[in-house]
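Novice: Please find one structure pasted underneath; my questions will follow.
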Amino acid sequence: MAEGNGASDKRIRLLPRSSPDYTPIAAAERERIATGRIDKPFGEGMLDGLNLLKESPDDPRTEMFGGNTPEQKRRNFITVWRVLLDGMHRQKSSKSWAENFFYEMATSPDIKDMPDNYVFSWNRSPDDFYSNFSTISFDSFEWMIERHVQNFYQAKEKVAEQLPELTNDFNSKLRRLSRELEFSLPDDFDKRIKDIDVALVDPLSNIKMWEHDGLYHPAARAVWVPYSWYGMDNLVITPSLFHEFVHHGAGSMSLILNDEVLDLKEGVAIPHQKTDKLSFEWMDEAITQDLTIAMYEGEFVHGGYSENMELLNMLIGKGKEVVPSNLFYSSYFEDYDPKRNAQNQFPHGRALRERIGRAYVPGFLSMVDRYVRDHGLPETIEQMNHDWRRIPPKFGMDAKAA
Ligand SMILES: [Zn+2]
């Protein structure tokens, strides 16, 4: 197609994350996420409803859950949130977050002020607290939700206060690593880390947080951290937060189509052409967690991805020659650069694929990735452990030929 072909061309643009043009798009994306009320704590909707009921008991919106008198309406309203919490306690994937809520209540400094006149002992487990849950009065449940909402907003302030120090700490730790392990960071790395947007999210009000210690939204350039009563005081959240910060620092390439963002490269992950899965996602998480752990210099870091890292280490060391690990890191942080030749847009990525091809057989990295997507990490690890030469024949290649 001819270049400069009028307005329609401008609708599709390839952009590095560092481009100033990207900023308004990220802001719009954040706005879109925020209007989905991701940053509201569980129960705030209930308190809003109860307020409305107090101020204008005849408002048609208060009829939503049935009941004739204001008190009936109030009880029905509260019951909805009780049932929601109970439901989350019964589901495996959200149980620990519901337990966290009961722990938060059981250890609340002002639990003595709870309206019910029996008082839970301070040392009760969340389970004990839960088993008494059904006997708690409507007033007490309202008290609990008020505490929870208040605690959430306090924690939010705390995170905002600590953020500049955390991002500084993160920046110096990762810069030190890049010198020690000899990999390059994006040119705008300092600015990128300074501008990081962190949203504290209550897992009880956001199903996406159930399975995660943290989430990164590339298009919005925003990190989500789960609110946890356990985590706020001693910052056990920091390693999870730093894991997400690493994602934020990763090199990227975005395709903008009519102001919608399509991430074409995020770290080493790229969208798979035919499925909605990502290619090299396992490796992207492996590198992210590997760097997070390296930043903590051997201290225990919770957060999983141990299989991902195991496979990454195998890929580095199990071939005919060792693949230098800094190639993985440099490739991870490599940004799209419009000044580079399209044939060699990601030189570190290319070098990585070539070195892996030399250590195994050409195209081996893609074969491993495909194998992970088809068979999962444990089986891929097993094959690599036994003999990596078992993998190429599955893709019609002779392992000895190379
Ligand atoms: Zn991750």
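Novice: Quick one: would you say ILE293 is more than 14 Å from the ligand (Cβ to nearest atom), assigned to a helix (DSSP H, G or I) and in contact with a Pro (Cβ under 9 Å, 6 or more places away or on another chain)?
Specialist: Details: more than 14 Å from the ligand (Cβ to nearest atom): no; assigned to a helix (DSSP H, G or I): yes; in contact with a Pro (Cβ under 9 Å, 6 or more places away or on another chain): yes.
In short, no.
Novice: Out of the residues in the range 334-345 that are of a type outside the set (Ser, Thr, Tyr) and either crowded, with 22+ Cβ neighbours inside 10 Å or in contact with a Gly (Cβ under 8 Å, 6 or more places away or on another chain) (or both), which is nearest to SER19 (Cα to Cα)? I'd like the intermediate steps shown before the answer.
Specialist: Within the range 334-345, the subset of a type outside the set (Ser, Thr, Tyr) is 334-335, 337-345.
Now restrict to residues that are either crowded, with 22+ Cβ neighbours inside 10 Å or in contact with a Gly (Cβ under 8 Å, 6 or more places away or on another chain) (or both): 334-335.
Values: GLU334: 14, ASP335: 11 Å.
Ranking the qualifying residues of the range 334-345, first place goes to ASP335.
Novice: Could you check LEU204 against (1) at pLDDT 90 or above; (2) more than 17 Å from the chain's Cα centre (by Cα) and say which number it fails?
Specialist: (2)
Novice: When the residues of the range 307-333 are filtered to those that are within 22 Å of PHE170 (Cβ to Cβ) and within 16 Å of the ligand (Cβ to nearest atom), which remaining residue is surrounded by the most Cβ atoms within 10 Å (Cβ to Cβ)? Reasoning before the result, please.
Specialist: Let us first name the residues in the range 307-333 that are within 22 Å of PHE170 (Cβ to Cβ), namely 308-309, 312, 325-326, 328-333.
Of the ones still in play, those that are also within 16 Å of the ligand (Cβ to nearest atom) are 308-309, 312, 328-329, 332-333.
Numbers: ASN308: 22, MET309: 19, LEU312: 21, PHE328: 25, TYR329: 24, TYR332: 29, PHE333: 23.
Among residues in the range 307-333 that are within 22 Å of PHE170 (Cβ to Cβ) and within 16 Å of the ligand (Cβ to nearest atom), the one surrounded by the most Cβ atoms within 10 Å (Cβ to Cβ) is TYR332.
Novice: For the subset of the range 189-217 comprising residues that are of a type outside the set (A, V, I, L, M, F, W, C), part of a strand (DSSP E or B) and in contact (Cβ under 8 Å) with a residue 40 or more places away in the chain, which member is nearest to the ligand (Cβ to nearest atom)? I'd like the intermediate steps shown before the answer.
Specialist: First, the residues of the range 189-217 that are of a type outside the set (A, V, I, L, M, F, W, C): 190-192, 194-195, 197, 202-203, 205-206, 208, 211-214, 216-217.
If we keep only those that are part of a strand (DSSP E or B) too, we end up with 197, 216-217.
When the remaining residues are screened for being in contact (Cβ under 8 Å) with a residue 40 or more places away in the chain, the result is 197, 217.
Details: ASP197: 17, HIS217: 12 Å.
Filtering the range 189-217 for residues that are of a type outside the set (A, V, I, L, M, F, W, C), part of a strand (DSSP E or B) and in contact (Cβ under 8 Å) with a residue 40 or more places away in the chain, the one nearest to the ligand (Cβ to nearest atom) comes out as HIS217.
Novice: Something else now. From the list ARG358, ARG350, exactly one residue is more than 23 Å from SER252 (Cα to Cα) and either among the polar types (S, T, N, Q) or outside any loop (DSSP other than H, G, I, E, B) (or both). Which is it? I'd like the intermediate steps shown before the answer.
Specialist: Details: ARG350 fails: more than 23 Å from SER252 (Cα to Cα).
After applying the criteria, what remains is ARG358.
Novice: What are the residue pairs meeting all of these: first residue in the range 316-344, first residue of a type in the set (A, V, I, L, M), second residue part of a loop (DSSP other than H, G, I, E, B), Cβ atoms under 7 Å, and 6 or more apart or on different chains?
Specialist: Qualifying pairs under 7 Å: ILE316/VAL322; ILE316/VAL323.
Novice: List the helices (runs of 4 or more DSSP H) that sit entirely inside the range 1-114 and contain at least 2 residues that are modelled with pLDDT under 85, charged (D, E, K, R) and not assigned by TED's automatic domain parsing to the domain that holds ILE145. First the steps, then the outcome.
Specialist: On the way: elements: 7-10, 22-35, 44-55, 70-90, 92-106.
In the range 1-114, 7-10, 22-35 are the helices (runs of 4 or more DSSP H) which contain 2 or more residues that are modelled with pLDDT under 85, charged (D, E, K, R) and not assigned by TED's automatic domain parsing to the domain that holds ILE145.
The values are calculated or read from the model by the stated rules, or taken from the named source; none is laboratory data. Given the structure is predicted, the values throughout are model-derived calculations rather than measurements. Glycine also receives a Cβ, built like all others from the backbone with ideal geometry; neighbour counts cover every protein chain displayed.
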